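The numbers here are math on the coordinates, done by the rules we state, and not lab data. None of the values given here were measured: they were computed from a predicted structure. All Cβ positions, even for glycine, are placed from backbone atoms using ideal geometry, and neighbour counts span all protein chains on display.
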Amino acid sequence: MAYKIIVSPRAQMEIENAIDYYAMYSSNAPLSFINLLKVT
């Protein structure tokens, strides 16, 4: 059974904040985080 994930505006903002935070410390971490979100 396929599910559709709906990301609220607040969740989207939190995801973007996390990506910005990870980018401050690693050039690979943001991409890894995005790929993890796509798989999950």
In degrees, nearest 10, the alpha-carbon axis of helix 29-39 is tilted away from the dominant principal axis of the alpha carbons of the chain by 10
Stretched fully, the stretch from Ala18 through Ile34 gains (0.36 nm per residue minus C-alpha distance, one decimal, in nm) 4.8 nm
Descending packing, highest mean Cβ count within 10 Å first, for 5-16, 21-32 is 21-32, 5-16
Shape descriptor, the chain: equivalent ellipsoid semi-axes (Cα gyration tensor, sqrt 5λ, whole Å, largest first) stand at 22, 14, 4
Computed over the chain: longest principal axis from alpha-carbon atoms vs helix 9-25 long axis, angle to nearest 10 degrees, is 30
